[in-house]
1. For region 352-404, what D do you get in µm² per second when you plug the Kirkwood radius from alpha-carbon pairs into Stokes-Einstein at 25 °C and 0.890 mPa s?
2. So, in nm, how far is label residue 390 from label residue 112 when the simple model puts each one 7 Å beyond its Cα toward the Cβ?
3. As a test of the formula, what do you get for the chain when each DSSP H run with n ≥ 4 contributes -39,500 (n - 2.57) and the sum is divided by the residue count, at 222 nm and rounded to the nearest 500 deg cm²/dmol?
4. As I understand it, the dipole of the chain uses +1 on the Cβ of Lys and Arg and -1 on the Cβ of Asp and Glu, about the Cα centre. Which of 202, 246, 352 lies farthest toward its positive end?
5. Take the solvent-accessible surface of the protein heavy atoms, probe 1.4 Å, and return the percent of it on region 274-323 that carbon and sulfur atoms account for.
6. Of the accessible area of region 1-133, with the probe set at 1.4 angstrom, what percent is carbon plus sulfur?
7. Where only protein heavy atoms count, and the probe is 1.4 Å, what is the accessible area per residue for region 263-400 in Å²?
8. Share of antiparallel DSSP beta bridges in the chain, in percent to the nearest 5?
Amino acid sequence: MNPSAEQHPAFPMARRCPFGPPEEYAKLRASQPVSRATLKVNGKPAWLITKHEHIKKVLGDSRVSANLKLPGYPLQVPVPEEMLQAVPLTFLSMDPPDHTVQRRMLAPEFSVRRMRELRPRVQQIVDERIDAMLAAGGPADLMTALALPVPSLVICELLGVPYEDHPRFETWAGQIMSRDISEEERGRAHYELDRYVDGLVTAKEGEPGDDMISRLIEKNRAEPAVGHADIVSMARLMLVTGHETTANMIALGTLALLEHPGQLAAVTADPALLPRAVEELLRYFSISDSGTARVALEDIEVGGTLIRAGEGILPLNNAANHDEDVFADPDTLNIHREEARSHLAFGYGVHQCIGQNLARLELDVVYGTLFRRVPGLRLAASPEDLRFKDDAIVFGVYELPVTW
């Protein structure tokens, strides 16, 4: 039975900056774990799912769709209808079997074996950026000195994108991720980024190199599965998500450890704790809270509540990752937490983040190297004075002033 038509909360809700999910999430989990909300972006209704078990059920259900062009899909940013229908879907917004085809093409690029091979180069990049930061002297903005350059350099090398172009694609990505710009600005950023990536793919079709885009092109030539526009779409998605999310996690994780000196001391004393600390930080922040938006294709029941076909669904990862039924004392950072790996920060089901192994690798190397090489690292500003990305689809911090 559906909940009564009470006053629906507006979504998104403000986080408890700098740490913790919105306070409303715990209240909803306790009283109405499947509830209606009104989207701030367009005033339309959507279902909020806040319990871990219910979110896994929704994300594993073939009766819900990731297709953002379907009526009822809960868009997070204002997009003109004509633009929405004209832009090709990325595989993130495709359903099987189309999603399956593209995921199979990309999966070998992010395998555990491939990440092992990549680790020495990631280590080299991190060391070079820390060298440059130390040579310049403090205070420094960790975002521009380390957090953003590391994943940008790594994804550029993987894709075969010239790193000297990073100011342009980072700007476009930031605009696309923002909730606080006009439809015209977002449309222009989409257009410029698409044109840029299309040019890269076209060039590699004529002169391939040793990079991911070239391998996708060659694989598709040997066994045609997708078109030119699909490869452009895959490359664009990897370029944007390959740096934006990890950059924010590097900065937020550094901030959290600096603000929890006992936890930091434990990690520095025992580097074997790093993988578990990475999982706990991913759980703790859950920066892509509503990145798993869906729309029901058929009537489904979740937690005793009927969601009808055509209705939008927002499974809130940040709410799931602070669910008391799964994580003891969930609002406390605990790098010793055994259940941390149960988090849903990378989603769940067929759309679980394909780049999660790369993100884990980068976070592990950055945290392990930064605090070992700069043991006196400390904040150069009060956490209350930091500017957090409450206006973006992916949560983070704009600057992180540090010194040593």
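The values are calculated or read from the model by the stated rules, or taken from the named source; none is laboratory data. Predicted model only: the values in this text are computed from it and were never measured. Cβ: placed from backbone, ideal geometry, glycine included. Neighbour counts: every protein chain shown. These area figures cover heavy atoms from the full protein model, side chains too; ligands, DNA and RNA do not enter into them. Shrake-Rupley method; radii C 1.70, N 1.55, O 1.52, S 1.80 Å.
1. Value of D from the Cα-based Kirkwood radius: 184 µm²/s.
2. In this crude spin-label approximation the distance works out to 4.1 nm.
3. It lands at -15000 deg cm²/dmol.
4. 352
5. 44 percent
6. 55 percent
7. On a per-residue basis, region 263-400 sits at 37 Å².
8. Around 80 percent of the beta bridges assigned by DSSP in the chain are antiparallel ones.
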